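Let me begin by presenting the structure, written as structure tokens, before commenting on it.
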Amino acid sequence: MEMAISNLQDTVFSSLRISKDQLLNEMAILLAKQQLSEFSMEIEYFEKKYGKNFSQFDCEFRTQEASYEKENDWMSWKFAVESRSYIQIQNVSTGYSSINSSFVTNAAL
């Protein structure tokens, strides 16, 4: 059974023209891109909801008494902003600032 799986994996990787290590790297990049997109969409949602960016909302939030909804939104928004920033910094520090995916290109061939 293991031999059959190994042969299948070799066939798939060969047809995609990609190694197992390359596949893992590409999957990590795709996951980072997905998370980046999700955090960006959440940030956009809050910017539209409140008509301001997080810094403006944060200043207002800290100087006024906030409702439970605003406090909950502040925590979610803050997490999304910080997480997006972290992913962007990691991408730059690992050399994936332009995050291109050769896996997707090779898979389409």
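Observations on the model:
- Derived scalar couplings ³J(HN,Hα) [the stretch 10-22; Karplus, 6.51 cos²θ - 1.76 cosθ + 1.60; whole Hz; x for Gly, Pro]: 4, 5, 5, 5, 5, 5, 7, 6, 8, 8, 4, 5, 4
- Once the Cβ-Cβ distance of Asn7 and Met75 is raised to the sixth power relative to R0 = 41 Å, the FRET efficiency obtained is 0.25.
- Cα gyration tensor shape of the stretch 1-68, rounded if a/c is under 1.5, else prolate or oblate by comparing a/b with b/c: prolate
- Every pair of different Cα atoms in the stretch 45-93 enters the Kirkwood calculation, which places the hydrodynamic radius at 11.6 Å.
A short reminder: the numbers here are calculations on the coordinates, not readings from a lab. Keep in mind that what you see is a predicted model, and the values were worked out from it rather than measured. Neighbour counts are summed over all protein chains in view; Cβ atoms, including those assigned to glycine, are modelled from backbone coordinates with ideal geometry.
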